[in-house]
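Below you'll find the structure, written out as structure tokens, and then a few comments.
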Amino acid sequence: MSRYELKTKPGNGVIKAVIGWDRPLQTFFAQVFTPTDEDPEEGEATIWLGTEPGELPNPEAAIRVVEAYAEVPETLAATLAADRLVTIGVQDGAHQVRAKLGLFAPRS
């Protein structure tokens, strides 16, 4: 898994934007946080995509989620693609397999 916190753009009410690669879910992810009364500094993820297997299939899909809220370095897509490539061939452990079955197995 990789995770990068991006510098937010001023004036949009966002306090944090995060993007990365989740190997167990085989998806990129993107989060945008806004402040809350309870936690104004950390806030809550009001946008959070990439929580389902394969939901954001490439770096560009994840970048599109955050680009209105954060500054996106030119090299970010290549960095995220490299993060994915280094995990090719890594298999889930027994605990991850069981967790995925519990979370994503079809319900009858």
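The values are calculated or read from the model by the stated rules, or taken from the named source; none is laboratory data. None of the values given here were measured: they were computed from a predicted structure. No Cβ is skipped: glycine too gets one built from the backbone with ideal geometry, and neighbour counts run over all protein chains shown.
Here R3 clears all of (1) surrounded by 14 or more Cβ atoms within 10 Å (Cβ to Cβ); (2) at pLDDT 95 or above except the condition numbered (1). In segment 84-94, is there at least one residue being assigned to a helix (DSSP H, G or I), free of Cβ contacts under 8 Å to residues at least 12 places away in the same chain, at negative phi and of a type in the set (A, V, I, L, M, F, W, C)? The answer is yes; a qualifying residue exists.
Exactly one residue among A70, A62, A30 is in contact with a Phe, Trp or Tyr (Cβ under 7 Å, 6 or more places away or on another chain) and either within 21 Å of D83 (Cβ to Cβ) or among the β-branched types (V, I, T) (or both), and that residue is A62.
At least 1 residues being touching a Gly at 6+ places or on another chain (Cβ under 6 Å), of a type in the set (S, T, N, Q) and closer than 28 Å to A105 by Cβ is the threshold, and among the strands (runs of 3 or more DSSP E) wholly inside segment 5-81 those reaching it are 27-34. Suppose the filter is among the hydroxyl-bearing types (S, T, Y), touching a Pro at 6+ places or on another chain (Cβ under 9 Å) and modelled with pLDDT of 95 or more; does T27 pass it? So T27 passes the test.
Looking only at segment 7-53, filter to residues that are touching a residue at least 60 places away in the same chain (Cβ under 8 Å) and closer than 14 Å to A68 by Cβ; which one of those is farthest from the chain's Cα centre (by Cα)?
K9
Total residues in segment 82-108 satisfying the condition of being modelled with pLDDT of 75 or more, of a type in the set (D, E, K, R) and closer than 14 Å to L25 by Cβ: the figure is 2.
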